[in-house]
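**Student:** Below: one structure in structure tokens.
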Amino acid sequence: MTNTTSNAKSYFDLHTEGYARLQRVREVPVRGGRRAQPFLACTVAALVGSAKDPVTRYFDVKVSGADAKKLVEGYIGVDDPRQRPLVKFRLGDLWADAFIRTSGDRKGDPAASLKGRLLKAELIDRAELAQIKQYELITRGIGYLNRPREVTPKDGDPFLSCSIGALAGPVDEPDYRYINTIVATADAQHLVRRCVQAIEAERKVLIAFRLNDMKADAYLRTKGERAGEPAASLESKLIHIGLIKIDGQQVFPAAAPAPVSEDAAATEDADTADGTVEAPTAESVQDEPVPAPEAEEPALAASF
């Protein structure tokens with residue numbers, strides 16, 4: 001949570017962090033006359049998975065942090081892949097930008113890119129890099145839990161999925177980032193299942209969450225006035241739930257522990273969210289793509 005000088009909570013943080021190479025560093029011109037100032041931008045090529053064979057997720061970002069600007073601007077015009085810096089980074093306000101491909105074999109198909117603001121970037125020491133066995137791309141925040149369901153694919157193992165309406169932006173007028181997730185850990189699965197009854201009763205279930213990996217899935221809208229337009233959803237894996245509130249009442253953990261990790265910031269955001277924002281309605285997420293495989297009702301653990 002971002003604070004003002006009076007320590008009043010003013011901003012819901014949605015932060016993504018990991019390791020990446022910086023590329024396509026450039027100044028982007030802005031229309032608007034003489035007073036319009038160009039801004040610094042770059043592509044963050046984030047690494048995910050085994051250090052021996054990682055997957056790359058690309059984020060097109062505006063460089064916002066003061067220290068990040070000092071580091072990044074030194075690489076304007078550097079095109080040699082061997083000179084691209086490897087950094088530990090933090091992004092804010094992640095979102096997916098949808099568009100229609102205009103060329104190539106997939107011309108006319110929907111596509112999407114991940115965007116955000118680069119808040120922090122630090123060069124990585126080679127010794128630190130050598131110790132990394134698994135790259136993680138972690139996103140932390142708070143949001144409303146929706147649509148938990150057991151999915152049984154025709155080919156593959158069954159899994160538990162859910163949607164999170166993550167809060168981002170000013171407290172008095174936040175935006176939602178809708179993230180479709182696979183619940184990837186046993187602890188998170190247990191907690192999501194305990195929330196099913198409350199969600200079915202249309203109660204507001206607010207969670208502090210941690211996700212791993214992030215990608216954008218593009219599709220064409222099929223309903224409403226914007227049918228036929230490109231859109232995109234964020235997709236990730238839910239690996240940890242640090243706090244649950246139902247209709248403003250904390251139900252997990254039973255006694256709030258002292259802040260001991262970066263997840264504490266998301267817990268603090270959850271305190272601020274009580275009574276200040278409305279949970280997303282079913283109508284607000286109905287246009288999001290839903291996996292096609294057959295679904296069954298989640299098996300209930302002891303419900304909250």
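Please treat every number below as a calculation from the coordinates, not as lab data. Remember, predicted model here, so these are calculated numbers, not experimental data. Every residue, glycine among them, receives a Cβ derived from its backbone with ideal geometry; neighbour counts consider all protein chains shown.
**Student:** Show the residues, 5+ positions off or on another chain, whose built amide H is closer than 5 Å to the amide H of Val277.
**Tutor:** Residues meeting the criterion, in which the H sits 1.01 Å from N, do not exist here.
**Student:** Another question, then. Testing the spin-label approximation: label points 7 Å from Cα along Cα→Cβ at Val30 and Asp97. State their distance in nm.
**Tutor:** 1.4 nm
**Student:** Let me ask something else. Can you give the three extents of the C-alpha atoms in the stretch 2-135 along their principal axes, from longest to shortest, in whole Å?
**Tutor:** Extents along the principal axes, in whole Å: 48, 46, 29.
**Student:** Next question, about the same structure. Return the subset of Lys88/Lys133; Lys88/Lys237; Lys204/Lys245; Lys62/Lys115 for which the Cα-Cα distance in this structure is over 18 Å, preserving the input order.
**Tutor:** From Lys88/Lys133; Lys88/Lys237; Lys204/Lys245; Lys62/Lys115, over 18 Å: Lys88/Lys237.
**Student:** Amide H neighbours of Gly141 under 5 Å, at least 5 residues apart or on other chains, H built in the peptide plane: list them.
**Tutor:** Phe209
**Student:** So who's got an amide H within less than 5 Å of the one on Arg101, skipping anything under 5 residues away but keeping other chains? H placed 1.01 Å off N, in plane.
**Tutor:** It is Gly108, Asp109, Ala111, by chain and number.
**Student:** Under the 0.36 nm per residue contour assumption, what length would be gained going from the current alpha-carbon distance of Ser303 and Asp80 to full extension?
**Tutor:** On the way: separation 223, 0.36 × 223 = 80.28 nm, distance 5.54 nm.
Length gained between Ser303 and Asp80: 74.7 nm.
**Student:** Separate question: Residue separation times 0.36 nm, minus the C-alpha to C-alpha distance between Gln131 and Asp247: what's the value?
**Tutor:** Once the chain is fully extended between Gln131 and Asp247, it gains 37.4 nm.
**Student:** Residue by residue, what Karplus-based ³J(HN,Hα) values in Hz, rounded to whole numbers, does the stretch 110-119 have, using 6.51, -1.76 and 1.60 with θ = phi - 60° and x for Gly and Pro?
**Tutor:** Along the stretch 110-119, the couplings run x, 8, 8, 10, 8, 9, x, 10, 7, 8 Hz.
**Student:** Still on this structure, please answer the following. How far is it, in nm, from the label point at Phe39 to the one at Lys70 when both lie 7 Å from their Cα along the line to the Cβ?
**Tutor:** In this crude spin-label approximation the distance works out to 2.2 nm.
**Student:** Next question, about the same structure. Mind listing the phi-derived Karplus ³J(HN,Hα) values for the stretch 50-55, rounded to whole Hz, using 6.51, -1.76 and 1.60 with θ = phi - 60°, and x for any glycine or proline?
**Tutor:** Running phi through 6.51 cos²θ - 1.76 cosθ + 1.60 with θ = phi - 60° gives 4, 5, 6, 8, x, 8 Hz.
**Student:** So what J values fall out for the stretch 78-84 if you push phi through Karplus, 6.51 cos²θ - 1.76 cosθ + 1.60 with θ = phi - 60°, rounded to Hz, Gly and Pro as x?
**Tutor:** Per residue, the Karplus-derived 3J(HN,Hα) values read 7, 10, 6, x, 6, 9, 5 Hz.
**Student:** Hey, another quick one. Multiply the residue gap between Ser50 and Ile124 by 0.36 nm, knock off their C-alpha separation, and tell me the result in nm, one decimal place.
**Tutor:** Numbers: separation 74, 0.36 × 74 = 26.64 nm, distance 1.76 nm.
Between Ser50 and Ile124, full extension yields 24.9 nm more.
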